[in-house]
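The values are calculated or read from the model by the stated rules, or taken from the named source; none is laboratory data. It should be emphasised that the depicted structure is a prediction, and the values quoted were computed from it without experimental measurement. Don't worry about glycine lacking a Cβ; one is built from the backbone with ideal geometry, like all the others, and counts go over all protein chains shown.
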Amino acid sequence: MPAGPVIDGHTANAGYYDSTTISLTLTTSLSNDWIFVFVYNESQPQSVSRSVSLVAGGGLTWHQRGSIQSSLGDYCSVDIWYAFAASPLSAAVITVTFSGPGDDYAAVACGINNSGTSTPFDTAPGLPAHAAVASGTVTVSFSTVAANCLGLAFCGSVNNSVAAIPGGWALVDSAHTNAGGLDAGAALWSIAFPLPQGGASVTASPLGGGVLMAVDVIAPPATAGGGSAPIILSMM
């Protein structure tokens, strides 16, 4: 058994959502996974930031972890949802519903094993940490409490590409598209933290505008906690 949480299966999708629903198909191999869905979307033609209002599928009970909405450069958001899967998923279809029609999206789903069974998060305050810029380089600062954690960073922008992998991090999955009026690209990265982190940070420089990045930390079974209320934040 690894010391800390590990990725167990992943998938990504990107496209145009003129309706309000998109989907991802995920397969995992282990029992007692936490399933995460990360979604970046831009809705500049509507001049309003859309958010994810519902995630369903896999026979799971889904919870909202956070929604970060920004009108910096373009109307964009990053949404994080999660659910506990007692059994492995076999081509489970996960449906994501937006608060209204928009333009382009990029989404990543993954399973994470070897965390708590009631909640998976590190208890450090301020998680999920986040930052937004109109364009250019974005940096998110954060801390962790527990040892042997798994850091997750999800970064998106209005561009048909994804940012280079930050130093020390590993790519989980990514997707990008130019299917709609503008573009969208996003990537999920992970990193293992054997020791607690005070004042850690991650920096990325994606192309395009509407840059948003969110960081969360998954703790091993003995120290997982938190996650009782979602973080809802508008960044103008």
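Structure values in brief
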quantity	calculated
Pairs where the first residue, in the stretch 1-23, is among the aromatic types (Phe, Trp, Tyr) and the second is crowded, with 19+ Cβ neighbours inside 10 Å, C-beta under 6 Å, 6+ apart	TYR16/ASP104; TYR16/GLY180; TYR17/GLY102; TYR17/TYR105
Pick from the stretch 44-77, criterion under 16 Å from GLY208 (Cα atoms) and within 18 Å of the chain's Cα centre (by Cα), ranking: surrounded by the most Cβ atoms within 10 Å (Cβ to Cβ)	CYS76
Residue list for the stretch 159-170, filter: out of contact with any Cys (no Cβ under 7 Å at 6 or more places or on another chain) and surrounded by 14 or more Cβ atoms within 10 Å (Cβ to Cβ)	ASN159, ASN160, SER161, VAL162, ILE165, PRO166, TRP169
Residue that is modelled with the highest pLDDT [pool: residues in the stretch 121-141 that are more than 30 Å from GLY15 (Cβ to Cβ) and of a type outside the set (Asp, Glu)]	SER141
Selection within the stretch 1-19 - more than 14 Å from ALA107 (Cα to Cα) and either within 16 Å of the chain's Cα centre (by Cα) or crowded, with 16+ Cβ neighbours inside 10 Å (or both)	GLY4, PRO5, VAL6, ILE7, ASP8, GLY9
Count - residues of the stretch 155-190 that are among the charged types (D, E, K, R) and either free of Cβ contacts under 8 Å to residues at least 12 places away in the same chain or within 21 Å of GLY111 (Cβ to Cβ) (or both)	1
Exclusive hit being touching a Phe, Trp or Tyr at 6+ places or on another chain (Cβ under 8 Å), in a strand (DSSP E or B), among the aliphatic types (A, V, I, L, M) and under 22 Å from TYR82 (Cα atoms), set ALA131, ALA187	ALA187
Residue that is farthest from VAL158 (Cα to Cα) [pool: residues in the stretch 38-68 that are polar (S, T, N, Q) and assigned to a loop (DSSP other than H, G, I, E, B)]	THR61
Any hit, the stretch 99-120, residues being more than 15 Å from the chain's Cα centre (by Cα), of a type in the set (Val, Ile, Thr) and at pLDDT below 95	yes
Answer residue from the stretch 164-178, given it is over 16 Å from the mean Cα position of the chain (by Cα) and among the polar types (S, T, N, Q) and is farthest from VAL6 (Cα to Cα) among those	ASN178
Residue match in the stretch 23-37 (condition: part of a strand (DSSP E or B) and under 19 Å from HIS130 (Cβ atoms))	yes
Every residue from the stretch 134-154 that is in a strand (DSSP E or B), polar (S, T, N, Q) and more than 21 Å from VAL108 (Cβ to Cβ)	SER135, SER141
For GLY180: the one exception among (1) surrounded by fewer than 18 Cβ atoms within 10 Å (Cβ to Cβ); (2) part of a loop (DSSP other than H, G, I, E, B); (3) out of contact with any Leu (no Cβ under 9 Å at 6 or more places or on another chain); (4) modelled with pLDDT under 95	(1)
Residue match in the stretch 102-120 (condition: in contact (Cβ under 8 Å) with a residue 40 or more places away in the chain, assigned to a strand (DSSP E or B) and surrounded by fewer than 19 Cβ atoms within 10 Å (Cβ to Cβ))	no
